[in-house]
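Bear in mind these aren't lab numbers, they're just calculated from the coordinates by the rules spelled out. Keep in mind the model is a prediction, meaning the values are calculated, not measured. Backbone-built Cβ (ideal geometry, glycine too); neighbour counts: all protein chains shown.
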Amino acid sequence: MTRLQWGIIGPGRIAPRIVRALAGNPRGELRAVASRELAKAEQFAAEHGAPVAYGSYEELLADPAIDVVYIPLPNHLHAPWAIRVLDAGKHVLIEKPIALSAEDVDAIGAAATRNGRIAVEAFMYLHHPQISRALEVAASGTLGPLQLINGAFSFLLDHADDPRLVPEMGGGSIWDVGCYPVSFARRIAGEEPDAIAGLARFDESGADRTFVGQLRFPGGLLALFESGFAAADRERIEIVGRDATLVVEHPFLPAPDGPPPAVTLWRDGIAAPVEVESIDQYRAEVDDLQSAILDGTEPRVSLAFSRGNIATLVELRRLAREAADPARA
C-alpha cells in the first residue's frame, strides 16, 4: 500500500499532534521537518522520529520524496506558504485560519487547481463523531425548528510575545478560537450569514482579548458566540430548538484518550445523554486528506467552506474594530 510522505514546516506547539496522527498510520508517515533554525528541526526530528531535518522551508519543498506538507506556522504565513507548497507540486494541510482574507483563500484555490493538488484547512473538530452526531440530531427534527446556536471557546493567554497576541501576525482570539464557533454555526445553517455584528475588547497592541459576535442566517437561524484569551477555559456549544436543546461540552478539543465526549439532549428539564465514541480527531483529519489524495474522495472541509468562514471573520473583526475606534477601522 502506498504511504504518503509528510513534511512539516514550523515545528511548533501543534505539530506533535499531527506526528501522533501519523504514528502507525498505514497510509502516511512523517518524513521530514523544517525550521528556520536547523537545530530546532533536528531536535524535533530526534524527538518525533522524522528521518530528515531541514534548516529552511525551501529545502523541504525541494525534497521530491515529500507528498504532503502540514503548515502550523503563525497565521499570517499560512497563505503564502500554502501557495508555495502547492507550486512545489505537493498537497497541503493548512492550520486554521487558512488565511487572513477571502482573496488569499482564492489564491490558494487557484494554486491548487493549476498544480492539480489538494489544499485543506485543518479544522480537526469537524472530523470528530460528536460533531457529526450533533449535526445529525439538528437535522433530524428532534429539537424542533432550530432557533439559536450558542458557542464559546476561550482560555487564558497572557504571554505578550505569543504570536497569537500580535496583530501583524494574525493574532487575536477571533482568528485563533473564534473561528471554531463561527464555523460550527455556518455548518449547522448550511448557508452564509446575511447580518453580522461584532464587539471586542482590544489590548494596546490591537489584538482582541475578548470577542462577542452575532450572526443571522437567511433561513432565520441566529447564532451567538464568544471567544477570548482573558478568561479560564470555556468551551461549549448549544443548539437550541423549539422543543429541545442539544449541548456539546468540549466540542473543539475533546481529549482523544479521555472519557467519551459529553453530548446531552435537554427536553422539558430532563437530560438524556447522547452516546458518542472517543477518537483522535487529528488522526481523522489526516485520514480524510489522505483519502482525498489516494482515493479521490471530497475533503470534509472544502475551500469554499473555508472561504466563507474567513469572509465572516474578516467582517466580524472589521465591525468590532470600528465600534472600538472608528478612526482605526
Measuring from its Cα centre, region 264-329 shows a charge dipole (+1 at each Lys and Arg Cβ, -1 at each Asp and Glu Cβ) which, in debye to the nearest 20, is 540 debye
Suppose every K and R has +1 on its Cβ and every D and E has -1 on its Cβ; what is the size of the dipole of region 54-117 about the Cα centre, in Debye to the nearest 20?
-> 140 debye
How much of the DSSP beta bridge set in the chain is antiparallel, as a percent to the nearest 5?
-> 60 percent
How much length is gained if the chain between Asp268 and Ala139 is pulled fully straight, taking 0.36 nm per residue apart and subtracting their Cα-Cα distance, in nm to one decimal?
-> 44.4 nm
Of the candidates Gly141, Pro167, Phe123, the farthest towards the positive dipole end of the chain (Lys/Arg Cβ +1, Asp/Glu Cβ -1, centred on the Cα centre) is Gly141
Under a Gaussian network model of the chain whose springs join Cα atoms within less than 10 Å, the largest fluctuation of Gly28, Gly49, Gly296 belongs to Gly296
Proxy exposure order for Trp81, Trp6, Trp175, Trp266 (fewest C-beta within 10 Å first) is Trp266, Trp81, Trp175, Trp6
Using unit Cβ charges (K, R positive; D, E negative) and no other charged atoms, how large, in debye to the nearest 20, is the dipole of the chain about its Cα centre?
-> 280 debye
Return the distance in nm (one decimal) between the two label points of a simple spin-label model at Glu275 and Gln43, each offset 7 Å from Cα along Cα→Cβ.
-> 4.6 nm
From DSSP H assignment alone, runs of 4+ in the chain each adding -39500 (n - 2.57), the sum over residues rounded to the nearest 500 puts [θ] at 222 nm at -10000 deg cm²/dmol
Under the Karplus relation with 6.51, -1.76 and 1.60 and θ = phi - 60°, whole-Hz ³J(HN,Hα) for region 142-149, x at Gly and Pro, equal 4, 8, x, x, 6, 10, 7, 10
Where is the GNM fluctuation largest for the chain (alpha-carbon springs, 10 angstrom cutoff): Leu246, Leu294, Leu86?
-> Leu294
Expressed in nm to one decimal, what extension gain is obtained for the pair Arg242 and Arg13 from 0.36 nm per residue of sequence separation less their Cα-Cα distance?
-> 78.3 nm
Shape category assigned to region 274-324 from the gyration tensor of Cα positions, a/c cut at 1.5 | oblate
Evaluate the relative contact order of region 1-122 (contact order divided by residue number), counting alpha-carbon pairs under 8 angstrom at least 6 apart; express in whole percent.
-> 22 percent
With DSSP loop assignment and no more than 10 other C-beta atoms within 10 Å, the trypsin sites (Lys or Arg not before Pro) in region 1-85 are Arg13
Going by the alpha-carbon gyration tensor, a ≥ b ≥ c the square roots of its eigenvalues, is region 223-319 rounded (a/c under 1.5) or, if a/c is not under 1.5, prolate (a/b greater than b/c) versus oblate?
-> oblate
How many nm is it between the label spots at Arg234 and Ala195, if each spot is 7 Å from the Cα in line with the beta carbon?
-> 2.4 nm
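Checking the a/c ratio against 1.5 first, then a/b against b/c, what shape does the Cα gyration tensor give for region 150-306?
rounded
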